[in-house]
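Peer 1: Here you go, one structure.
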Ligand code: FAD
Ligand code: MLT
Ligand code: ZN
C-alpha cells in the first residue's frame, strides 16, 4: 500500500529547501545527513528509511538526520519547530503499525548514532543507555555482568531501546519481568521546541509529583524524542528450560496455563501460544523438522528461568507428565541443551519473519479476555472465507488466517497472510476486527501501538474523555502539533 486516502499532508508544514539542508549539514556534518533534496544521495540510500519492516507502509522523505548527541537533537527540533518542518523519530524501524515511516515528506530523525551504553551499576542492576542502543547489544553487555534486559523480542537484533520505550514493547517475557512502565526508572527526552527534559532518574522510588516519564513510555514519538533511558535490570537466571507441547483445543490451552502457573510458579518466565496454521507457515518457509511428530490445533511453549537447572528441569518434566496424564496435553518435548532451546524458540519467535517471506501480512495485535482469545481467529477466518478471499491465488489472495501470541498476557497476534496487500482484504477485516474487540472490552493495540495503522480506530478502545485528555497532553508537550 503506498497511498493513504484518509490522510492529507498538513499544508501548515514547509517544504524542505537547500537552505534547510545546509543548516543541518553544518550542525551535524556531511556524514550524518542523507540528503535527497540537493541530490547528493540517491533514492537507494534513502529507501531503508522510507520503508517499514512489513513493506506495507511507504514513506517519501528526502532527508534523514542522524544526530550524535542530545544537544544536536535539541538543535534539530528547535530549528524544525521554528521553520515549520515536520519530523518523524525513527529507531530500528521494526515497528509493526507504520509509526516510524515518514508517509509524506517528513524529515526522519534516525537515532542509530546515539548508541552508547553510558553506565551500569553492578549492585543495583541499573543500566543507562542512549536511545539508539540496539536491544541485543544492551542485553549482551548485561549478560557479561550476570544481568538480563527485562525485555526480549524477535526484533532484538535491530530494534533500539529508545524505540522499545517509545512503543512500550511487551515481548516474550513480560509475564516474568513486567511492562516497561515498571522497569524504566527514568529517561531524557527532547520536546518539539528543543527543550531537554532531564528525568534520567536511577531510583526505584520517586514519588515527587507526577511521574512524567510514564507519558513518554508508549507515546510513539508524539510528544518528544527519547534520547536516554535508565532501566532496572534483573539478575540473569543461571538455568533456563523450555518445553513445547501440542493440545487439542483452546479450552485445554487455558487449562495448561492454569497448571503452569500453579506448578511452575516462580520459575515460569514465558507461556507462548501458536496455532497449527502459524506453525505450518514457519515449516513451509524454513523446512525445519517439526518439534513433535503429530500435528495439533494448538501448541504452547513454556520457558522456565531459575537458579538451579536440575531442580527446574525436574519441575518442568513433572509438569509435562502431569498435564499429559490429565489429558490436557497430547504430546510434548523438553529441550535438553542450549541448541534445542534455541530451535524450539525459533518455532515461536520465527513466525513474523516466516510470514514476511510469504507476501503481505495484515497484523492485529490485540488483547482480549482469555476465554475468548482464539475465537477472534476463528470468526475472522470464517469471515474471510465467506467473502471468497481465501485461496492463495491472485484473485483470492488470502493464504491463511493464523493466531499466535503471548498467552500469558492475554495478547493475541491475529495475522492474515496474503500473496500481496489488497484493499479488498483490508475492507473485510476492518473495522470488523475492531468492532469484535470493542464488544468484548478488549484492546485494539496490546503492545505494538497505534502508529498510522490504528490511529483512526482509537475510539474502539478509548472513550472520548480519554482521547480528549490525550489531545490536551499532546498539546502541552507540542503546541505546534508535529
Ligand atoms: P521504530 O520502529 O523505529 O519506531 C517505532 C515508533 O517509535 C515510531 O512511532 C517512532 O516514531 C517511535 N520512536 C522510535 N524511536 C524513538 C525515540 N528514540 N524517541 C521517540 N520516539 C521514537 N513488539 C512488541 O511489543 N512485542 C514483540 O514481541 C515484538 N516482536 C517483534 C518481532 C519482530 C520480528 C518485529 C519486526 C517487530 C516486533 N515488535 C514487537 C514490534 C516493536 O514495536 C518493535 O520491534 C520495537 O519496540 C520498535 O523499536 P524500533 O527501535 O524498531 O522503533
Ligand atoms: C511477536 O510476538 O512475535 C511480535 O509481537 C511480532 C508479531 O506480532 O508478529
Ligand atoms: Zn508480540
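The values are calculated or read from the model by the stated rules, or taken from the named source; none is laboratory data. Computed from a predicted model, the values in this text were never measured in an experiment. No Cβ is skipped: glycine too gets one built from the backbone with ideal geometry, and neighbour counts run over all protein chains shown.
Peer 1: Given the conditions (1) assigned to a loop (DSSP other than H, G, I, E, B); (2) touching a residue at least 60 places away in the same chain (Cβ under 8 Å); (3) within 16 Å of ligand 3 (Cβ to nearest atom), report the number of the one that residue 175 does not fulfil.
Peer 2: Only one criterion in (1) assigned to a loop (DSSP other than H, G, I, E, B); (2) touching a residue at least 60 places away in the same chain (Cβ under 8 Å); (3) within 16 Å of ligand 3 (Cβ to nearest atom) is unmet by residue 175, namely (1).
Peer 1: Quickly run through region 312-327 and pick out the residues that are within 22 Å of residue 175 (Cα to Cα) and surrounded by 13 or more Cβ atoms within 10 Å (Cβ to Cβ).
Peer 2: 312, 313, 315, 316, 317, 319, 320, 323
Peer 1: A further question on this structure: Cβ-Cβ distance below 9 Å, separation of 6 or more or different chains: which pairs start in region 316-333 with a residue that is part of a strand (DSSP E or B) and end on one that is surrounded by fewer than 13 Cβ atoms within 10 Å (Cβ to Cβ)?
Peer 2: Hits for this filter: 331/293; 331/294.
Peer 1: Now a separate question. Name the one entry in 186, 246 that is more than 16 Å from ligand 2 (Cβ to nearest atom), without any contact (Cβ under 8 Å) to a residue 60 or more places away in the chain, assigned to a strand (DSSP E or B) and crowded, with 16+ Cβ neighbours inside 10 Å.
Peer 2: 186
Peer 1: I've got another one for you. Is at least one residue of region 288-300 outside any loop (DSSP other than H, G, I, E, B), in contact with a helix residue (DSSP H, G or I) (Cβ under 7 Å, 6 or more places away or on another chain) and farther than 30 Å from residue 53 by Cα?
Peer 2: Among the residues of region 288-300, not one is outside any loop (DSSP other than H, G, I, E, B), in contact with a helix residue (DSSP H, G or I) (Cβ under 7 Å, 6 or more places away or on another chain) and farther than 30 Å from residue 53 by Cα, which makes the answer no.
Peer 1: Going residue by residue through region 114-123, is there one that turns out to be surrounded by 20 or more Cβ atoms within 10 Å (Cβ to Cβ) and farther than 24 Å from residue 346 by Cβ?
Peer 2: Yes: one or more hits.
Peer 1: Look through 336, 321 and report the one residue that is at pLDDT 95 or above and more than 16 Å from ligand 3 (Cβ to nearest atom).
Peer 2: Going through 336, 321 in turn, just one is at pLDDT 95 or above and more than 16 Å from ligand 3 (Cβ to nearest atom): 321.
Peer 1: Looking only at region 104-159, count every residue that is in contact with a helix residue (DSSP H, G or I) (Cβ under 7 Å, 6 or more places away or on another chain), under 26 Å from residue 80 (Cβ atoms) and part of a loop (DSSP other than H, G, I, E, B) and tell me the total.
Peer 2: So the answer is 6.
Peer 1: Taking residue 444 as the residue in question, decide whether it is modelled with pLDDT of 95 or more and crowded, with 21+ Cβ neighbours inside 10 Å.
Peer 2: yes
Peer 1: Answer yes or no: is there a residue in region 124-147 that is surrounded by fewer than 17 Cβ atoms within 10 Å (Cβ to Cβ), within 21 Å of residue 352 (Cα to Cα) and touching a residue at least 40 places away in the same chain (Cβ under 8 Å).
Peer 2: no
Peer 1: Restricted to region 406-427, and to residues that are out of contact with any strand residue (DSSP E or B) (no Cβ under 7 Å at 6 or more places or on another chain) and in a helix (DSSP H, G or I), which residue is surrounded by the fewest Cβ atoms within 10 Å (Cβ to Cβ)?
Peer 2: Among residues in region 406-427 that are out of contact with any strand residue (DSSP E or B) (no Cβ under 7 Å at 6 or more places or on another chain) and in a helix (DSSP H, G or I), the one surrounded by the fewest Cβ atoms within 10 Å (Cβ to Cβ) is 423.
Peer 1: Would you pick out the residues in region 444-477 that are in a loop (DSSP other than H, G, I, E, B) and more than 19 Å from the chain's Cα centre (by Cα)?
Peer 2: Residues satisfying the conditions are 462, 463.
Peer 1: Further, regarding this structure: If you check 42, 17, 38, 3, which single one turns out to be surrounded by 12 or more Cβ atoms within 10 Å (Cβ to Cβ), modelled with pLDDT under 95 and over 30 Å from residue 117 (Cβ atoms)?
Peer 2: Being surrounded by 12 or more Cβ atoms within 10 Å (Cβ to Cβ), modelled with pLDDT under 95 and over 30 Å from residue 117 (Cβ atoms) holds for just one of 42, 17, 38, 3, which is 38.
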